[in-house]
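**Q** After the structure tokens below, expect a handful of questions from me.
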Amino acid sequence: MKIIMLGAPGAGKGTQAKMIADKYSLPHVSTGDIFRANLKEGTELGKKAKEYMDKGALVPDELTVEILLDRVAKDDCKNGYVLDGFPRTIPQAEVLDSELKKLGDAVDLAIDVEVPDENIVRRMSGRRACLKCGATYHVEYIPPKKEGICDDCGEPLVQRDDDKEETVKKRLSVYHEQTQPLIDYYTKKGILKTVDGTKDMKDVFADITAVIDAV
Ligand code: ADP
Ligand code: AMP
């Protein structure tokens, strides 16, 4: 199954995508994680992406589409995947659709995790991330068992550079302008489902599994 996670930055896409990936044995593909891994390794792609990420802007479509298509062409994606943070623009969605169409395939489900802007800044300021395995925590809402350490792989957790309040506000406005139109795009295709992302993480997941199991 090919699932797309939609929602504002900080809505809980990554948190839920990881849980979906574990339950349904699908790879969790996050373009943000790919950029951050490149940044950590000091690659040219990482350096280029950082220029945009630090400003709260989107990385240009050409670059993003290329890394995404490379990733989903890998063997582990042949039975499906959960996309987290891609597509973020209509042109990105169109390229994905046309590439899948060439293979006689299509996206099965787009899940919009809805959280109002008021809740987002609080979520982002407390977010802590593991750059090794992509796990995400929140100092108040979803703390790790041991402070500052990833439960899954024991790496030290970090605060993302782009989770500063000013950058978060910019990312939210970019989301409304460039990404929110995707809700209409997938509604018209008849594959959009919306879940209430303000609930507790486990309750959001229960709603999501109900949606997936109904496909
Ligand atoms: P996204 O991938 O959409 O940017 P994340 O999954 O990283 O969002 O979640 C943003 C922050 O909110 C993280 O700190 C995460 O631990 C926390 N979070 C995720 N889901 C919930 C929830 N249902 N309730 C409270 N906090 C949550
Ligand atoms: P995320 O981890 O999904 O919050 O993404 C972090 C940042 O990476 C975003 O604010 C963008 O700068 C960049 N990014 C991630 N995915 C995309 C995408 N699909 N298109 C453009 N930029 C992206």
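The values are calculated or read from the model by the stated rules, or taken from the named source; none is laboratory data. Here the structure is a predicted model, which is why all the values come from computation and not from measurement. Reconstructed Cβ throughout: ideal geometry from the backbone, glycine too, with neighbour counts over all protein chains shown. The protein model used for the area step is the full one, side chains on, heavy atoms only, and it has no ligands, DNA or RNA in it. Shrake-Rupley method; radii C 1.70, N 1.55, O 1.52, S 1.80 Å.
**Q** Would you mind finding the one in LYS13, LYS18, LYS47 that is away from ligand 1 (no atom under 16 Å from the Cβ) and either touching a residue at least 24 places away in the same chain (Cβ under 8 Å) or on the phi < 0 side of the Ramachandran plot (or both)?
**A** Being away from ligand 1 (no atom under 16 Å from the Cβ) and either touching a residue at least 24 places away in the same chain (Cβ under 8 Å) or on the phi < 0 side of the Ramachandran plot (or both) holds for just one of LYS13, LYS18, LYS47, which is LYS47.
**Q** For segment 30-49, how many residues are more than 9 Å from ligand 2 (Cβ to nearest atom) and either more than 15 Å from CYS130 (Cα to Cα) or surrounded by fewer than 16 Cβ atoms within 10 Å (Cβ to Cβ) (or both)?
**A** Residues flagged as more than 9 Å from ligand 2 (Cβ to nearest atom) and either more than 15 Å from CYS130 (Cα to Cα) or surrounded by fewer than 16 Cβ atoms within 10 Å (Cβ to Cβ) (or both) within segment 30-49 amount to 9.
**Q** Another question about this same structure. Can you work out which of the residues in segment 116-137 that are touching a residue at least 24 places away in the same chain (Cβ under 8 Å) and open to solvent by less than 20 Å² (accessible area, probe 1.4 Å) is nearest to GLN159 (Cα to Cα)?
**A** Filtering first and then ranking leaves ALA129.
**Q** Specify which of the listed residues (GLU147, GLU166) is over 15 Å from ILE90 (Cβ atoms) and modelled with pLDDT under 95.
**A** GLU166
**Q** Right, something else. Given the condition in contact with a Pro (Cβ under 9 Å, 6 or more places away or on another chain), closer than 21 Å to ASP22 by Cβ and away from ligand 2 (no atom under 14 Å from the Cβ), answer yes or no: does some residue in segment 157-171 qualify?
**A** Yes, segment 157-171 contains a residue that is in contact with a Pro (Cβ under 9 Å, 6 or more places away or on another chain), closer than 21 Å to ASP22 by Cβ and away from ligand 2 (no atom under 14 Å from the Cβ).
**Q** Suppose we keep only residues that are near ligand 2 (Cβ under 10 Å from one of its atoms) and free of Cβ contacts under 8 Å to residues at least 12 places away in the same chain within segment 51-82. Which one would you say is nearest to VAL168 (Cα to Cα)?
**A** If we take residues in segment 51-82 being near ligand 2 (Cβ under 10 Å from one of its atoms) and free of Cβ contacts under 8 Å to residues at least 12 places away in the same chain, then TYR52 is nearest to VAL168 (Cα to Cα).
**Q** Look at ILE67 and say whether it is in contact with a helix residue (DSSP H, G or I) (Cβ under 8 Å, 6 or more places away or on another chain) and closer than 16 Å to ILE191 by Cα.
**A** No, not satisfied.
**Q** Oh, and also: Please go through segment 173-215 and pick out each residue that is part of a loop (DSSP other than H, G, I, E, B) and farther than 26 Å from SER25 by Cα.
**A** Within segment 173-215, GLN180 is the sole residue that qualifies.
**Q** Being under 17 Å from ALA37 (Cβ atoms) and of a type in the set (Asp, Glu) is the filter here, so list the residues in segment 61-94 that pass it.
**A** Correct list: GLU66, ASP70, ASP76, ASP84.
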